[in-house]
1. Hey, if you drop one equal point scatterer on each alpha-carbon of chain B and run the Debye formula without solvent, what base-10 log of I(q)/I(0) do you get at q = 0.12 Å⁻¹?
2. Do any trypsin sites (Lys or Arg not before Pro) in segment B:89-128 lie in a DSSP loop with no more than 10 other beta carbon atoms within 10 Å, and if so, which?
3. What average number of partner chain Cβ atoms lie no more than 10 Å from the Cβ of the residues making up A:36-44?
4. Other chains near B:50-63: what is the mean number of their Cβ atoms within 10 Å of each residue's Cβ?
5. Using a Cα-Cα cut-off of under 15 Å, which aspartates and glutamates could be cross-linked to A:Lys52, ignoring same-chain neighbours fewer than 8 residues away?
6. Would you mind ranking B:Asp34, B:Asp46 so that the residue whose beta carbon has the fewest other beta carbons within 10 Å leads the list?
7. Taking 22 Å as the cut-off for C-alpha to C-alpha distance, list the pairs among A:Lys61/B:Lys45; A:Lys55/B:Lys96; A:Lys37/B:Lys45; A:Lys61/A:Lys81; A:Lys61/B:Lys8; A:Lys61/B:Lys22 that go past it.
8. For segment B:1-70, what is the convex hull volume of the alpha-carbon atoms per residue, in Å³?
Amino acid sequence: MFHAHEKDNKRNHLIEKALIPMNKDTNLLKELTAGTKDVEWISKNYPALQKKYPKHFIAVKDQQVIIAHKNLVILINTLKKKFGSASEFLIDFVPDENYTLVV
Amino acid sequence: MRLNGFFKGTAPYILFSVRVEKPKILRQIPFLIDTGSDITGIAIKDCLAMGISFHSLGRPMGSISGIKDKARRWEVKGELRAITQDTKVERFGPMKLYILETSSDCPSLLGRDFLEQFGFRLLYNIQRKEVYLEN
């Protein structure tokens, strides 16, 4: 009986061990899926964003512009004050319609 | 394997989750796919959002030259993660990444180093307005 119990514990431990990377990937998949929705939303609404927020930085989450500001540091500090961190927001620069990206 | 990108205006971008241990970076970053760049770099806005101070990075590893200006850069080791077209998480790395002290409107860059290291080609479907990396 004790032997069987020990065997069960060992098996449970192995299952748990195998599930950790799976859970990690599941979480990452969820995060990336949410992020992909946000970037697709930006892509689709880019002309409208250029009209509404020309030369602004925007913080986006769940397909919404949460904050927009011309100054990146002010935008990040506002996010930190309001939400405790800026790391969960997609931060992007929206150029005006005449802007050309030169890298 | 195919990784879907997206357009911002006419510029091709792709989303990665970036993981760097030192300095601690764990963030989803849209990268401009820049075949004119030989390095992959994280721009200042994404570093500031993670609370990274340039003073804490030590001495820069040279600089990167753009058309307008030069930007100091710091080398780090990290991993990029993305969703494939068949909704699986793929990890790319460890690979050399750079933290770039660019102007704040400059995006993070996915350069040729990434494309070459992982054998990706950049493909467009102009009619369907699609962009993707395929290997």
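Each value in this text was obtained by applying a stated rule to the coordinates, not by laboratory testing. All values derive from a computational prediction rather than experimental measurement. Cβ coordinates were reconstructed from backbone atoms using ideal geometry, including for glycine residues, and neighbour counts include every protein chain displayed.
1. Scattering profile of chain B, log10 relative to I(0): -0.45.
2. Listed in order of number, the matching sites are B:Arg128.
3. Details: counts 7, 0, 3, 9, 3, 1, 5, 9, 2.
Partner-chain Cβ atoms within 10 Å, mean over residues of A:36-44: 4.
4. 1
5. Hits, sequence-local ones excluded: A:Asp92, A:Asp96, A:Glu97.
6. Going from least to most buried by this count: B:Asp34, B:Asp46.
7. A:Lys55/B:Lys96; A:Lys61/B:Lys22
8. Normalising the Cα hull of segment B:1-70 by residue number yields 135 Å³.
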